[in-house]
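Working notes, beginning with the structure itself.
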Amino acid sequence: MEKDFLKAKMVEFPRNVIAGHDVLSSVRDICVNIHSGTTGTIITGENTDIAAGKAVRSYLDGYDIDTCITGNATAENIESTKDQILEHGSTFILAVGGGSKIDIAKILSLQLNIPFLSIPTSAAHDGIASNRASIKSEKGSKSIAGASPMGVIADTSIISKASYRSLASGCADVLSNFSSLRDWKLAYNLKDESFSRSAYSFAMFSAESMMDAADYIRPHLEESVWLAIKPIIVSGISMCIAGSSRPTSGSEHMISHTIDMMYPGRAMHGEQCGVASIITTYLQKGDWEELKHALVKIGAPTKASELNLSDEEFIDAVCNAHKIRKDRFTILGDKGVPRDVVEDVCIRTGVI
């Protein structure tokens with residue numbers, strides 16, 4: 001039995017999830033199903049508007065749709081997008097693009113209390129269906145609460161046209177769940193932290209499914225996207241169940257966030273989490289070799305140099321990662337891991 005028994009708990013899930021070939025045309029039916037009204041705003045970027053935004057508008061003939069072209073999920077872009085939504089009088093949002101556009105939609109959906117649909121054009125991380133959003137700033141990224149999408153439309157024919165690197169990054173992000181879940185169990189056992197077996201099961205299912213699919217995920221194949229997208233979506237839903245990012249974010253994500261702060265723009269989020277999880281899995285006495293082998297098969301990075309980091313830079317990031325979230329206990333402990341131990345583990349695992 002979970003230690004933090006509650007008489008009531010509300011969990012918000014996506015109501016409609018559809019993934020597959022040419023499913024973008026379902027957007028109209030889903031808008032009707034969620035009673036969204038007929039006045040909406042598409043949040044997208046210049047390239048993603050070409051990739052999918054124009055098609056979405058064509059399927060919503062008769063609707064009053066405004067399009068907001070924006071950039072990263074910064075405080076400034078969030079505020080300007082909010083102003084545009086309010087000016088248009090939108091009753092729903094369609095997030096068409098990558099993680100940043102979906103993050104903006106999550107935040108504004110929660111702030112404005114209007115539903116949104118997640119329509120990813122790439123799958124670089126597991127935030128497609130989650131209720132967590134990442135705000136970018138000069139100091140790095142910060143995870144905050146957002147709304148869960150009312151629907152997810154993952155068109156594999158569109159996602160397969162994005163760079164394979166993005167897909168491999170998303171796969172690595174999900175594989176890093178093995179590390180985050182060990183951290184969560186550790187905090188539950190040692191610190192009496194809140195724990196959800198349901199959220200744990202969803203996050204573990206997604207990681208195991210991705211591990212099983214690793215042999216078949218290859219570049220330039222829509223079938224690879226089809227295999228990867230389900231675990232990526234399920235991983236996001238685990239956060240909705242937990243009400244936090246805990247099932248999918250542990251010591252490996254703390255290392256990734258530290259890299260973002262110390263050495264911004266070097267690599268993708270999922271890539272960093274994948275490499276970091278090799279180190280943290282070793283420290284947790286997990287099967288780091290199996291994890292590394294899966295990353296290699298998918299074509300995701302397994303070395304610091306593949307993240308455009310020197311050996312010293314990567315070691316510095318690991319040594320400082322425990323400072324990121326002092327409220328979240330992980331294998332890194334309260335004081336971090338000694339530098340000589342970090343260096344030894346990096347050498348043993350081949351990360352440096």
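For segment 1-97, please list each of the helices (runs of 4 or more DSSP H) lying entirely inside it that holds at least 3 residues being within 30 Å of LYS142 (Cα to Cα).
Here the list reads 75-88.
Anything in segment 304-330 that is under 13 Å from GLU343 (Cα atoms) and not in a helix (DSSP H, G or I)? List them, or say none.
Listed by number, the list holds a single entry, SER310.
Please enumerate the residues belonging to segment 57-73 that are hydroxyl-bearing (Ser, Thr, Tyr), touching a strand residue (DSSP E or B) at 6+ places or on another chain (Cβ under 9 Å) and over 23 Å from SER100 (Cβ atoms).
Across segment 57-73, the qualifying residue is only TYR63.
Could you look through segment 128-156, keep only residues that are of a type in the set (A, V, I, L, M, F, W, C) and closer than 13 Å to GLY99 by Cβ, and pick out the one that is farthest from the chain's Cα centre (by Cα)?
Per the stated criteria, the residue is ILE135.
Among the residues of segment 87-100, which ones are more than 22 Å from SER134 (Cβ to Cβ) and free of Cβ contacts under 8 Å to residues at least 60 places away in the same chain?
Across segment 87-100, the qualifying residues are GLU87, HIS88, GLY89, SER90, THR91.
Somewhere in segment 157-168, is a residue more than 15 Å from the chain's Cα centre (by Cα), within 24 Å of ALA276 (Cα to Cα) and among the small types (Gly, Ala, Ser)?
Taking every residue of segment 157-168 in turn, at least one turns out to be more than 15 Å from the chain's Cα centre (by Cα), within 24 Å of ALA276 (Cα to Cα) and among the small types (Gly, Ala, Ser).
Identify, from the list ILE85, ILE114, ILE159, ILE144, the residue that is closer than 25 Å to GLY243 by Cβ, surrounded by 19 or more Cβ atoms within 10 Å (Cβ to Cβ) and of a type in the set (Val, Ile, Thr).
ILE114
Residue pairs, Cβ under 6 Å, 6 or more apart or interchain, first in segment 74-86 and under 13 Å from ALA105 (Cβ atoms) and in the same structural domain as SER100 (by TED's automatic domain parsing), second in a helix (DSSP H, G or I) and aliphatic (A, V, I, L, M). List them.
Listed pairs, sorted by first residue: ILE78/ILE104; ILE78/ILE107; THR81/ILE104; LYS82/LEU108.
Of all residues in segment 324-352, which are free of Cβ contacts under 8 Å to residues at least 40 places away in the same chain and surrounded by 14 or more Cβ atoms within 10 Å (Cβ to Cβ)?
Listed by number, the residues that qualify are GLY336, GLU343.
The values are calculated or read from the model by the stated rules, or taken from the named source; none is laboratory data. Bear in mind the structure is a predicted one, so any value in this text is a computation, not a measurement. Every residue, glycine as well, gets a Cβ built from its backbone with ideal geometry; the counts of neighbours run over all protein chains shown.
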